[in-house]
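Take a look at the structure set out below.
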Amino acid sequence: MLEIKNLQVKLEEEDKQILKGVDLTVEPGKVHAIMGPNGSGKSTLSYVLSGKDGYEVTGGEALLEGQDILEMEPEERAAAGLFLAFQYPVEIPGVGNMTFLRTAVNAQRKARGEEEMSSTEFLKVVREKAKSLKIDAEMLKRPVNVGFSGGEKKRNEILQMAMLEPKMCILDETDSGLDVDAMKLVADGVNALRGEGRSFLVITHYQRLLDHIKPDVVHIMANGRIIKTGGPELALEVENNGYADLIEEEA
Amino acid sequence: MALPQVKQTATDARLAALSLPEGGWSRPAREAALARVQAMGLPGARDEYWKYTRPDTLTAVEAPSAAVLNVTDEAPVFGERDRLKVVFVDGVFSAEDSDDLALEGLTIERLSEASDIHWAKDLYGTLEANGQSPVERPLAALNTAFATDGLLIRVTGKVAKPLHLLYRHEDDSSDAILHHVVKVEEGGDVTVLESGPAAARFNKVMEVDVADGAGFHHIRVQGRDHERRAATHIFGRLGTESTFKTFTLTVNGVLTRNECVLELTGDDAVCHVAGACMGDGDFHHDDTVFITHDAVNCESRKVFKKVLRNGATGVFQGKILVKPDAQKTDGYQISQSLLLDDDSQFLAKPELEIYADDVACSHGSTSGAIDEDGLFYLRARGVPRGIAEDLLTIAFIAEAVQEVEDEGIQEEINELVAAWLGRRRG
């Protein structure tokens, strides 16, 4: 599904190398987790994959179903099936959540040459999906993320994911700022989307999210590289011993 | 005090080219207004409130010509709604194009035809004259003196449908001076819609007296003809527990100066003045708004948003004056511009002058580009860049557009804005 080969990235503004050759392959239907200390390059990886400005790819490639996505505009990547659940979802005053969702769904459909969703069909689907995430009608009416609590913002991300039905989902520290109940709600939302063909890359500091979203593969990232890859037990090892041992081992 | 020579010369030249209408009952008010113009002189570039907007084409003897724009790709504004339509062609009332001027709760007469004994006698030029202090507005006095047409509107009840003043421009060199007077009597409530290009050069004054408990709602769309020049003034006086709301959308225009001068004279009155404008290239748009609080527990709100690109200029001069006895005043003033490129500019002069001690007044002014984080967020969800920018632009002006109470009109305004955004991409 997603193949990242020797990806090297630096900041555009300053001459600082963030990713120093990342190799990673996520197979269809699998859930991979990336764990790592602050500053290891986890969020940069998610931004570069989704096409945020400010980064310069200095080497390597990233393929989504065999297609090089690094040359694509962010909206083209989205239409190709890539989705980033933001660590800090952006507030957009003046744009209603429903308008936003409908515009996004139909823009992607149009880009893929599919028929746009009618407003009645859209309403029906969005209400149903919102309900399972405990997102009420009021939240759907409000401007995008404005005045939402941390938990509401994250649930809104998952609602977008559910509506857009991407093939490859990247979750950037989706657990940050969530209490246990909110995390469970979000994890349930994600788990409901797991299935044939849809892959996930879950970026997190802590093992606790992985109790709820069980990964197939766990990668440890440090200093711009994947330094270790293993099964779910690797997350537990980090939880018990921290990153220091692993980083030392690598060095 | 003698006027500076340059100003004296310009004023003399302009006045020499105009003749005072007979005016009947309005004649004394016109003569008094003429005396005001002679004393003040017409605006000059050195005047405090004309620093950011060049007045020369507004005061010149000849109106610079403006090509008539025939819009064929857009439905007429407010055209779909049930309203009483009054049409002016190049500043002249057209009975032929207008509806029958009869509506329950409303009497309408033409300024140029009104009989000698008239209610408007006490109002015509009065609010304009009051509005000359502390800031002079000579173009408004010039208007009172020389207006050739306009409506005298008396509102005695709640009017069921809006009054739509539709201005048409058919002559490239028309120079129109219109003066409307609106008197909303106790318990009365009216909505006045205005649209259309009016003339190559348009000087318009609207004096609005809102009695105790009465309501006045005003929604205006200026555009799309780019070459016209307009100087407009609204003078309003608000009684106890009255409401005054005005919103203007301006799309294009090489020079537009919209002044609004309101005085809250009765307790618990509410006034909202809002505007949004969309400008491209040599667009120049100036909102000059002056609100005086002279009563207890009144609310005033000013919300102005300007979208500028390709070197367009936006000006905002806004003042809230709170007099010593105007306790419990709630004043809010925001002016913001969205600069779609580095060539455009926004010049803002927000002022507060407060003499009462128990008031809440705030003002803010910002200039900025499209929010990059918001843009990326939308694009990351698959919304193409152009559509995302349009969405964010419409979102930017939303706070102003939401001042319009009628949701149908809000939608119509958003459609006009979306159409403007669409056109600029060719």
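Read the figures in this text as sums done on the coordinates, not as results from a lab. Computed from a predicted model, the values in this text were never measured in an experiment. Counting neighbours? That spans all protein chains shown, and the Cβs are built from the backbone with ideal geometry, glycine included.
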Discussion item. Quick check on the exposure proxy: order B:MET206, A:MET163 from fewest to most C-beta atoms within 10 angstrom.
Written reply: A:MET163, B:MET206
Worksheet item: About the Cα centre of chain A, what is the dipole size in debye to 20, counting +1 per Lys and Arg Cβ and -1 per Asp and Glu Cβ, all else neutral?
Response: 920
Worksheet item: Roughly speaking, what is the stretch gain from B:ASP357 to B:ARG385, that is 0.36 nm per residue apart minus the C-alpha to C-alpha distance, in nm to one decimal?
Response: 5.2 nm
Discussion item. For A:LYS16, project a label point 7 Å along Cα to C-beta. Then give me every residue of the range A:32-54 with its amide nitrogen under 19 Å of that point.
Written reply: A:36-49, A:52-54
Worksheet, complete the sentence: One finds, for B:ASP97 and B:ALA75 with R0 = 22 angstrom and r their Cβ-Cβ distance, a FRET efficiency to the nearest 0.05 of 0.80
Fill in: Sorted by Cβ density within 10 Å, fewest first, the residues A:VAL90, A:VAL95
A:VAL90, A:VAL95
Response to the item:
Given Cβ charges of +1 for Lys and Arg and -1 for Asp and Glu, the option among B:SER65, B:LEU193, B:GLY386 whose Cα lies farthest towards the positive end of the dipole of chain B is B:SER65
Item to complete: Please give the FRET efficiency for B:ARG27 paired with A:GLU71, using the beta carbon to beta carbon distance and R0 = 60 Å, rounded to the nearest 0.05.
Response: 0.20
Worksheet entry | Residues A:VAL146 and A:GLU61, FRET efficiency given R0 of 25 Å [Cβ-Cβ distance, rounded to 0.05] | 0.10
Discussion item. For a quick check: with amide H placed at 1.01 Å from N, whose amide H comes under 5 Å from B:PHE316's, ignoring anything fewer than 5 positions away on the same chain?
Written reply: B:ASP287, B:LEU347, B:ALA348, B:LYS349
Fill in: Cα-based helix-to-principal-axis angle, B:407-424 vs chain B, degrees rounded to 10
60
Worksheet item: Of B:GLY386, B:GLY215, B:GLY91, which is the most mobile in a GNM of chain B whose springs link Cα atoms less than 10 angstrom apart?
Response: B:GLY386
Worksheet, complete the sentence: Least to most buried among A:VAL57, B:VAL303, B:VAL289, by other C-beta atoms within 10 Å and fewest first, runs A:VAL57, B:VAL303, B:VAL289
Worksheet item: Considering only the other residues whose Cβ falls under 13 Å of the Cβ of B:THR232, what net charge follows from Lys and Arg at +1 and Asp and Glu at -1?
Response: +1
Worksheet item: So, counting K/R as plus one and D/E as minus one, what does the shell of residues with Cβ under 12 Å around A:MET183 add up to?
Response: -2
Practice prompt. Tell me the label-point distance for the pair A:GLN8, B:THR107, using the 7 Å Cα-to-Cβ offset, in nm and rounded to one decimal.
Written response: 8.7
Item to complete: Decide, for the range B:134-225, between rounded, prolate and oblate: order the square roots of the alpha carbon gyration tensor eigenvalues as a ≥ b ≥ c, take rounded if a/c falls under 1.5, and otherwise choose prolate if a/b is larger than b/c, else oblate.
Response: oblate
Fill in: Spacing of the two label points (7 Å from each Cα toward its C-beta) at B:TYR332 and A:ASP216, in nm
5.3
Worksheet item: How far is helix A:180-193 tilted, in degrees, relative to the longest principal axis of the Cα atoms in chain A, given as a value from 0 to 90 rounded to the nearest 10?
Response: 80
Worksheet, complete the sentence: If unit charges are put on Cβ atoms (+1 for Lys and Arg, -1 for Asp and Glu) and the dipole of the protein assembly as shown is taken about its Cα centre, the option from B:VAL315, B:HIS179, B:ALA160 lying farthest towards the positive end turns out to be B:VAL315
Discussion item. How far apart, in nanometres, would the label points at A:ARG109 and B:GLU415 be if each is projected 7 angstrom from Cα along the Cα-to-Cβ direction?
Written reply: 2.2
Item to complete: First obtain the Kirkwood hydrodynamic radius of the range A:2-250 from its Cα pairs, then insert it into the Stokes-Einstein equation at 37 °C and 0.692 mPa s, and state the resulting D in µm² per second as a whole number.
Response: 176
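For chain B, rounded, prolate or oblate, judged on the Cα gyration tensor with a ≥ b ≥ c (square roots of eigenvalues), a/c < 1.5 rounded, else prolate if a/b > b/c?
Rounded shape, in that the Cα axes give a/c under 1.5.
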